[in-house]
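These notes are about the structure you will find just below.
Derivation of every value follows stated rules applied to the coordinates shown; laboratory data play no part. The structure displayed is predicted, hence computed values, not measured ones. Don't worry about glycine lacking a Cβ; one is built from the backbone with ideal geometry, like all the others, and counts go over all protein chains shown.
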Amino acid sequence: MSHIGCFWRSCVSDRIGLFAVAAFGLSPCCGPTFAAEAIAVPAQARAMTALELHDLYRDKTWQWSDGAGRFQEEGRIFRAWSGDGAKASWAEGRWILTNDGQLCLRAVWHSPGGSSPNKTCFRHLLHDGTVYQKKEPSGAWYVFKHAAPDKDDEYGKLVEQDTVSAKVMAYRPVAQATTTPKSVPLPTPAPVGAQ
């Protein structure tokens, strides 16, 4: 089994000291981690279309071990949360699909320590009903969804219920309160007749 690193917040921490994060599946510090066997994709596999990807992800929540991401159809809004307490973070942005099999998540991640934009993409191939996925640019291919459902498929973590929006709304004021000054001095008006 090969480990597929951390999810979409891979470079947030280096710029603002939020959290050290790697690349997919979200490591213990920031969400779901899973191990998947790297496999050889059949040569006949083709890129999934934007429509096929839309049908796969629209209005679904991707559950992680320490958070979740929501793919809202209206406006293609992407929201996510990870962690609790002082390690809580949340994201808002968009999910973008291409006809060459890519799902990209462009969002700003927020935490009590600050915020930073991030973009992460996943490529999808399809062959005989089996969906293969890898994180771009250097992730390993694995079976995301078998043609005959498998209880261990990552696809099984996509659920209809929105378990994200309320959590993001709860985290948002906490993060904003720690990054916004309690009081901002008002500018003093110039005395009458001053130049």
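Just want the ordering: Glu37, Glu160, Glu52, from fewest to most Cβ atoms lying within 10 Å of their own Cβ. Don't skip to the answer; put the middle values down first.
Details: Glu37 10, Glu160 7, Glu52 16.
Taking fewest neighbouring Cβ atoms as first place, the list is Glu160, Glu37, Glu52.
Kirkwood Rh over Cα pairs of region 37-149 into Stokes-Einstein at 10 °C, 1.306 mPa s: D in µm²/s?
Values: Rh = 15.0 Å.
Translational diffusion coefficient: 106 µm²/s.
Net charge of the neighbourhood of Arg94, taken over other residues with C-beta under 14 Å away and scored Lys/Arg +1, Asp/Glu -1, is +3.
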